[in-house]
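Participant: To start, I am sharing the structure in question, which I have written as structure tokens.
The values are calculated or read from the model by the stated rules, or taken from the named source; none is laboratory data. Note that the structure is a prediction, hence the values are computed from the model and not measured. Reconstructed Cβ throughout: ideal geometry from the backbone, glycine too, with neighbour counts over all protein chains shown.
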Amino acid sequence: MKKRTIFTVVVLIVFAIFAVLFLTGKQAAFANIRLFSKDTNAARSLKTIGLGPILSSQSSDYAVAYTVEPGDSLAKIAKKFGTTIPLIKKRNALQSDVVRAGQRLNIWTGKFHILVSKAKNVLQLKVEDNIMKVYTVSTGKAETTTPAGNYTIITKLVNPVWYHDGKVYPPGHPENGLGSRWMGLNAEGYGIHGTIHPDQIGQAVSMGCVRMFNQDAEELYDLIPEGTEVSVVDK
């Protein structure tokens, strides 16, 4: 009888140990899932204002009313106010690049700033301290990390040609890694651009540039003028 009782106790103890190990492992697994989800959805965790105030013609502290003068063009107006032609057209629902003297326009004057987080693989589009939109991006892998620092957008190209390893890849080439837009930094060889590998967005896999989904790169391209400041941080 005593032997049977001892055996039963041992079995119960062993069962209890396995139960604890199982539950602990299960909790750890769920914790890992939560952490993974948090990392991949980093862009969603930041509070943003949205692009509405930028794209609409509503009154804003960052917009002015402007009357087109004789000899004006959208290019001249964009340069005068430090904005872009596409943004002027979107704010004013213009269907063409033609403007006429006396025409009233609503011009965005807010100064954009871009903040790229390498740890989170996100790009924030900011106006002063306001986060307007957050994009999920890819930054450089360990051996070709995106250098942290403060930069300026100095070139913008639509459907850029990619020069790599002595080869030239024209726009649309299946190996042209720049995608549909290029926003070059004042650091030779580095920029913000589209991609031919959308499945890799959100990971540190690039050769040092900041990659975006093509549609996101096109959206950002239309908003920011040359001269926009870019900060890349490790955290």
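Participant: Considering only the range 185-223, how many residues are crowded, with 22+ Cβ neighbours inside 10 Å and part of a loop (DSSP other than H, G, I, E, B)?
Facilitator: Residues that pass the stated criteria total 4.
Residues are listed down the side, and each one gets a yes or a no for (1) of a type in the set (D, E, K, R); (2) under 18 Å from Leu115 (Cβ atoms); (3) out of contact with any Phe, Trp or Tyr (no Cβ under 6 Å at 6 or more places or on another chain):
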site: Trp162; (1), (2), (3): no, no, no
site: Pro171; (1), (2), (3): no, no, yes
site: Ile192; (1), (2), (3): no, yes, yes
site: Gln200; (1), (2), (3): no, no, yes
site: Gln203; (1), (2), (3): no, no, yes
site: Arg211; (1), (2), (3): yes, yes, yes
site: Asp216; (1), (2), (3): yes, yes, no
site: Leu223; (1), (2), (3): no, yes, yes
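Participant: Moving to a separate point now. Assess whether Tyr163 counts as being touching an Asp or Glu at 6+ places or on another chain (Cβ under 6 Å), part of a strand (DSSP E or B) and not assigned by TED's automatic domain parsing to the domain that holds Gly71.
Facilitator: No; evaluated as a whole, the condition is false for this residue.
Participant: Could you check the range 165-184 and list, in sequence order, the residues that are surrounded by 13 or more Cβ atoms within 10 Å (Cβ to Cβ) and out of contact with any strand residue (DSSP E or B) (no Cβ under 8 Å at 6 or more places or on another chain)?
Facilitator: Listed by number, the list holds a single entry, Pro171.
Participant: While we're here: Of all residues being in contact (Cβ under 8 Å) with a residue 60 or more places away in the chain and among the β-branched types (Val, Ile, Thr) in the range 155-181, which is nearest to Ile192 (Cα to Cα)? Just the residue, please.
Facilitator: Across the range 155-181, the extreme among qualifying residues is Thr155.
Participant: Now, a different point. Take Lys79 and decide whether it is within 22 Å of Val127 (Cα to Cα), at pLDDT below 95 and under 25 Å from the mean Cα position of the chain (by Cα).
Facilitator: No; evaluated as a whole, the condition is false for this residue.
Participant: Let me ask something else. Any residue at all in the range 90-107 that is in contact (Cβ under 8 Å) with a residue 40 or more places away in the chain and closer than 26 Å to Met207 by Cβ?
Facilitator: No, the range 90-107 has no match at all.
Participant: I'd like to know if the range 144-154 contains one or more residues that are closer than 24 Å to Lys79 by Cβ, touching a Pro at 6+ places or on another chain (Cβ under 9 Å) and not in a loop (DSSP other than H, G, I, E, B).
Facilitator: Yes, the range 144-154 contains a residue that is closer than 24 Å to Lys79 by Cβ, touching a Pro at 6+ places or on another chain (Cβ under 9 Å) and not in a loop (DSSP other than H, G, I, E, B).
Participant: I'm trying to understand the selection: among the residues of the range 76-101, which are farther than 19 Å from Ile154 by Cβ and either of a type in the set (Gly, Ala, Ser) or outside any helix (DSSP H, G or I) (or both)?
Facilitator: Asn92, Ala93, Leu94, Gln95, Ser96, Asp97, Val98, Val99, Arg100, Ala101
Participant: Consider Ala19 carefully, then state whether it is surrounded by 10 or more Cβ atoms within 10 Å (Cβ to Cβ), in contact with a Ser or Thr (Cβ under 6 Å, 6 or more places away or on another chain) and either modelled with pLDDT under 65 or not in a strand (DSSP E or B) (or both).
Facilitator: no
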